[in-house]
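Here is the structure we will look at.
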Amino acid sequence: MSEEERSMIAIVSADHKNIIGCHSIKTSTILAPGKGPKYVLNGIDRFSIFGEHSVLLGVYAETEDIEKEIRAIREAVERGNRTYELQFCMEEPFGEERNEPE
């Protein structure tokens, strides 16, 4: 297995409809959040001559939530986990914080 393959992690999207093999992740601030989320987390799934391709993974209401998510993803990669399910994102951009399935 190459170093690149070892550093990739498959992340389950917040809506549980997609699993994205990510080389890296990036955060962005939503410029006019209002009462909705303040941050987005994007997964970089591939590179081309046009640049990197990103996929929206989840949205976050608070700085602490996205920081905890990034820390948890980093720890999962360091442990050698091949998959990760988002834990701290909002389920709906303008709804309640995500609840774990029963």
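The values are calculated or read from the model by the stated rules, or taken from the named source; none is laboratory data. As the structure is a computational prediction, the values presented were derived from the model and not from experiment. No Cβ is skipped: glycine too gets one built from the backbone with ideal geometry, and neighbour counts run over all protein chains shown. We work out accessible area using only protein heavy atoms, side chains counted, and drop any ligands, DNA or RNA first. Shrake-Rupley method; radii C 1.70, N 1.55, O 1.52, S 1.80 Å.
Scanning region 70-86 for residues that are open to solvent by less than 40 Å² (accessible area, probe 1.4 Å), more than 10 Å from the chain's Cα centre (by Cα) and touching a residue at least 60 places away in the same chain (Cβ under 8 Å) gives a single hit, ALA76.
Take the conditions (1) part of a helix (DSSP H, G or I); (2) touching a helix residue (DSSP H, G or I) at 6+ places or on another chain (Cβ under 8 Å); ALA72 misses just one of them, which is (2). Residues that are within 16 Å of HIS23 (Cβ to Cβ) and surrounded by 14 or more Cβ atoms within 10 Å (Cβ to Cβ) within region 33-69 comprise LEU41, ASN42, GLY43, ILE44, ASP45, SER54, VAL55, LEU56, LEU57, listed in sequence order. In region 10-19, the qualifying residues are those that are at pLDDT below 95 and assigned to a strand (DSSP E or B), and the one that is least open to solvent (accessible area, probe 1.4 Å) is VAL12. On the given criteria, is GLU64 at pLDDT below 90 and either more than 19 Å from ARG82 (Cα to Cα) or outside any loop (DSSP other than H, G, I, E, B) (or both)? It is false that GLU64 is at pLDDT below 90 and either more than 19 Å from ARG82 (Cα to Cα) or outside any loop (DSSP other than H, G, I, E, B) (or both).
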